[in-house]
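The structure appears below as structure tokens.
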């Protein structure tokens, strides 16, 4: 059974929606265009909706390191070890993606505000410390989000777009912060009603390779223990559970490979991906 669209649209009225789009989706102009067009449709039909779009660039950075430097990027438990060479490449790559998304926003008449690198006015981050002999290089961890400063942007804009690059609070160096983590922290601090992860992963699968439409801590931990949820997916699931536990109503995982996935997920009862949600929600 599918409830009427306006029922789900009413849930998002006067709320904040955080969307994270992976580098794999941003690498395909048709797919990222579909995401931006979906956002435009949401903004045009939902009263006072505010959207923050965070994008990743992992696919592009992996390809750059392999093609230019003939080596593989180093990752530990799904998290990237970032060198100075990779930071310089990330600046160029994220800048190009930001321009492409801003161009699409103009095409679909979205009042957008592009942020090339998040400064201390918006996100306070510090370089991750070496722990147990593991050095992640120029990787940052979020210390604080200045929700008030970001909210001010919505006075004249409907969509804020930013990469996962943040200035170090101590010395101003550019740090690479996991894009899923930035999206999660934004969702928590901006008191978003929903956080949506859009990548090439359609949903969380069970041990039979079938879709799990709704998931909780216990099920997720069991799937991690069985190595069904693994690699970069572990980071995504950890962030989703943390967001829900810290007040975000729902977190969605959907595939940007599917046309209108965002609209289908947010405006139909059955959805299309996997939902992490607060236990007391009845919708």
**OP:** Report yes if residue 150 is touching a residue at least 40 places away in the same chain (Cβ under 8 Å), crowded, with 19+ Cβ neighbours inside 10 Å and touching a helix residue (DSSP H, G or I) at 6+ places or on another chain (Cβ under 7 Å), otherwise no.
**Re:** no
Original post:
If you scan region 172-199, which residues turn out to be in contact with a helix residue (DSSP H, G or I) (Cβ under 7 Å, 6 or more places away or on another chain), closer than 25 Å to residue 128 by Cα and not in a strand (DSSP E or B)?
Top reply: 178, 180, 181, 184, 187, 188, 189, 190
Original post:
Would you pick out the residues in region 230-275 that are touching a helix residue (DSSP H, G or I) at 6+ places or on another chain (Cβ under 7 Å), part of a loop (DSSP other than H, G, I, E, B) and under 21 Å from residue 185 (Cα atoms)?
Top reply: 246, 247, 248
**OP:** Run residue 32 past the list (1) more than 27 Å from residue 130 (Cβ to Cβ); (2) free of Cβ contacts under 8 Å to residues at least 40 places away in the same chain and report the number of the one that doesn't hold.
**Re:** (2)
**OP:** Could you please find all residues in region 230-268 being modelled with pLDDT under 95 and at positive phi?
**Re:** 231, 247
Original post:
Do the conditions hold for residue 234, that is, is it surrounded by 21 or more Cβ atoms within 10 Å (Cβ to Cβ) and under 24 Å from residue 58 (Cβ atoms)?
Top reply: no
Original post:
Considering only residues of region 121-147 that are in contact with a helix residue (DSSP H, G or I) (Cβ under 6 Å, 6 or more places away or on another chain) and not in a helix (DSSP H, G or I), which is farthest from residue 73 (Cα to Cα)?
Top reply: 121
Subject >> Meets criteria (at positive phi, without any contact (Cβ under 8 Å) to a residue 60 or more places away in the chain and part of a loop (DSSP other than H, G, I, E, B)) for residue 227 >> reply: yes
Original post:
Under the condition of being more than 13 Å from residue 241 (Cβ to Cβ) and in contact with a helix residue (DSSP H, G or I) (Cβ under 9 Å, 6 or more places away or on another chain), which residue from region 206-220 is surrounded by the fewest Cβ atoms within 10 Å (Cβ to Cβ)?
Top reply: 207
**OP:** Hey, can you tell me all the residues within region 76-92 that are touching a residue at least 60 places away in the same chain (Cβ under 8 Å) and in contact with a helix residue (DSSP H, G or I) (Cβ under 9 Å, 6 or more places away or on another chain)?
**Re:** 77, 78, 79, 80, 82, 86, 90
Original post:
Can you name the residue in region 47-58 that is in contact with a helix residue (DSSP H, G or I) (Cβ under 6 Å, 6 or more places away or on another chain) and more than 14 Å from residue 196 (Cβ to Cβ) and is also surrounded by the fewest Cβ atoms within 10 Å (Cβ to Cβ) among such residues?
Top reply: 58
Original post:
buried (at least 24 other Cβ atoms within 10 Å of the Cβ) and touching a helix residue (DSSP H, G or I) at 6+ places or on another chain (Cβ under 8 Å), is that true of residue 164?
Top reply: yes
Original post:
List the pairs whose first member sits in region 7-19 and is on the phi > 0 side of the Ramachandran plot and surrounded by fewer than 23 Cβ atoms within 10 Å (Cβ to Cβ), whose second member is outside any helix (DSSP H, G or I) and at pLDDT 85 or above, and whose Cβ atoms are under 9 Å apart, counting only residues at least 6 apart or on separate chains?
Top reply: 14/46; 14/47; 14/48; 14/49; 14/50
Original post:
Only one residue in 97, 65 is part of a helix (DSSP H, G or I), surrounded by 15 or more Cβ atoms within 10 Å (Cβ to Cβ) and over 18 Å from the mean Cα position of the chain (by Cα), so which one is that?
Top reply: 65
**OP:** Return a yes/no flag: does region 3-22 have any residue that is at pLDDT 95 or above and in a helix (DSSP H, G or I).
**Re:** no
Subject >> Test set (1) part of a helix (DSSP H, G or I); (2) farther than 15 Å from residue 102 by Cα - residue 32 fails condition number >> reply: (2)
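The values are calculated or read from the model by the stated rules, or taken from the named source; none is laboratory data. Predicted model, so just to flag it, every value in this text is computed and none were measured. So basically every Cβ, Gly included, is an ideal-geometry build from the backbone, and we count neighbours across all protein chains shown.
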